[in-house]
Amino acid sequence: TNSGKKVVRIGYPGSQYSLGGAAAIAQQKKFFEEQLKKIGYTVEYDPFSGQGPAVNEALTSNKIDIAVYADFPGVVLKSKGVQTDLIGISQNKIYSTVVVQNNSKIKTVKDLKGKKIGFTKGTYMQKFLLEILSKNGLSDKDVQLVNVTTDAESSLVSGNLDALVLTDDQALQLTSVKKVARNIVSSRQYPEMSAQSIVVALDSYAKQNPKVPVAIDKALIEARNYFKSNPEDSYKLLSKAGLSLEAVKQEYSGEAPNFDVLKTEINQDTIKRLDATQKFLLDNNLITNKFSTSSWVDKSYYEKALK
């Protein structure tokens, strides 16, 4: 650590500016830096191209202190016995989308029967895919599931895959920016299937540095307030992650003027949806150990941040 300063290492899936929701604004407006500086810490950002599973690996091996990512990998890690605390919410609803090539004959989810669908294992996209298939009377046995980690886009465009399940951001990149695909269904149409972006800290780190989670939550609250007062500037900041301004607006403008999707508190709904995610993972044998989500959640930091 430089000059005895303490560093907070924040890890997340994607590239440098792909922190989602309130955390994206807190990163770019330097709210994280300012709040942490007040308590004598600097911040280091660690993006992982390997998505949630790579972030989990980094937490497990102590390469990062805090993760901002979807609830799905968060629940997976906790169920493995890695001691983390859920200390905040960066975005209370994050969405996934199923896209197909522009000229594809696939129009509805039912048309996916027998088709090759690409998705990334260990992500909330996997959950949405299985749930939306089931809602349409299909199971994973009725389709060909392909775990794609790289080159998903070229596999779709070349026709090696018939469909792709992506995050909202990634889907907009293909449908609105590059215009190489169109969407057939999104969890925006089924909010109960949406995921949430959570902030987790290693329990040992949070206990040793109790002011850090409070500072993180303060920055997230500040970011949401900034978003509400300055939506146009916020859209611009979010477009730094690679989406066009139009695509970002498509993603968020429907949330104006309150931007409730960026509400950062941990509430009953948070826990209810964590329980649903855990149940899904258990039912699909993706995890084996059940744990209490309400004791995983530590609201004390958020409560202090509000004071």
(message) One residue is enough: does the range 25-32 have a residue meeting the conditions assigned to a loop (DSSP other than H, G, I, E, B), at pLDDT 95 or above and open to solvent by 10 Å² or more (accessible area, probe 1.4 Å)?
(response) yes
(request) Collect the residues in the range 112-130 that are free of Cβ contacts under 8 Å to residues at least 60 places away in the same chain and surrounded by fewer than 19 Cβ atoms within 10 Å (Cβ to Cβ), keeping them in residue-number order. (result) 113, 114, 115, 116
(message) I'd like the residue in the range 245-285 that is open to solvent by 20 Å² or more (accessible area, probe 1.4 Å) and polar (S, T, N, Q) and, out of all such residues, is nearest to residue 186 (Cα to Cα).
(response) 250
(message) Can you say whether residue 238 is at pLDDT 90 or above, crowded, with 17+ Cβ neighbours inside 10 Å and within 23 Å of residue 124 (Cβ to Cβ), as far as the supplied structure shows?
(response) yes
(request) Give the residues of the range 140-160 that are open to solvent by 30 Å² or more (accessible area, probe 1.4 Å) and in a loop (DSSP other than H, G, I, E, B), sorted by residue number. (result) 149, 150, 151, 158, 159, 160
(request) Please give the number of the condition residue 214 fails out of (1) surrounded by fewer than 16 Cβ atoms within 10 Å (Cβ to Cβ); (2) of a type outside the set (Lys, Arg); (3) farther than 24 Å from residue 147 by Cβ. (result) (1)
(message) Return the residues of the range 194-206 that are open to solvent by 20 Å² or more (accessible area, probe 1.4 Å) and touching a helix residue (DSSP H, G or I) at 6+ places or on another chain (Cβ under 9 Å); say none if nothing qualifies.
(response) 205
(message) Tally up the residues in the range 8-24 that are more than 16 Å from the chain's Cα centre (by Cα) and either open to solvent by less than 40 Å² (accessible area, probe 1.4 Å) or closer than 20 Å to residue 266 by Cβ (or both), please.
(response) 1
(message) I'm checking my understanding of the structure. Among residues of the range 115-129 that are closer than 16 Å to residue 285 by Cα and assigned to a loop (DSSP other than H, G, I, E, B), which one is farthest from the chain's Cα centre (by Cα)?
(response) 121
(message) Give all pairs with beta carbons closer than 6 Å in which a residue from the range 266-293 that is over 17 Å from residue 126 (Cβ atoms) and in a helix (DSSP H, G or I) meets a residue that is open to solvent by 10 Å² or more (accessible area, probe 1.4 Å) and of a type in the set (Gly, Ala, Ser); count only pairs at least 6 apart in sequence or on separate chains.
(response) 271/294
(message) I'd like the full set of residues that are among the polar types (S, T, N, Q) and open to solvent by 40 Å² or more (accessible area, probe 1.4 Å), limited to the range 286-307.
(response) 288, 289, 292, 294, 295, 300
(message) Given (1) assigned to a helix (DSSP H, G or I); (2) modelled with pLDDT under 95; (3) among the aliphatic types (A, V, I, L, M), identify the lone condition not met by residue 132.
(response) (2)
(message) Which of the numbered conditions does residue 188 fail, given that it passes all the others? Conditions: (1) open to solvent by 30 Å² or more (accessible area, probe 1.4 Å); (2) under 15 Å from the mean Cα position of the chain (by Cα); (3) at pLDDT 95 or above.
(response) (3)
(request) Output the residues belonging to the range 59-96 that are more than 23 Å from residue 43 (Cα to Cα), open to solvent by 10 Å² or more (accessible area, probe 1.4 Å) and touching an Asp or Glu at 6+ places or on another chain (Cβ under 8 Å). (result) 92, 94, 95
(message) Looking only at the range 97-109, how many residues end up being open to solvent by 10 Å² or more (accessible area, probe 1.4 Å) and either over 25 Å from the mean Cα position of the chain (by Cα) or among the aromatic types (Phe, Trp, Tyr) (or both)?
(response) 6
(request) Mind listing whichever residues of the range 33-58 are in a helix (DSSP H, G or I) and open to solvent by less than 30 Å² (accessible area, probe 1.4 Å)? (result) 35, 36, 52, 54, 55, 56, 58
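The values are calculated or read from the model by the stated rules, or taken from the named source; none is laboratory data. Quantities reported herein were computed from a predicted structural model and do not represent experimental measurements. Using ideal geometry, Cβ is built from the backbone for each residue, glycine included, and neighbour counts are taken over all protein chains shown. Calculation scope for accessible area: heavy atoms of the full protein, side chains included, ligands and nucleic acids excluded. Shrake-Rupley method; radii C 1.70, N 1.55, O 1.52, S 1.80 Å.
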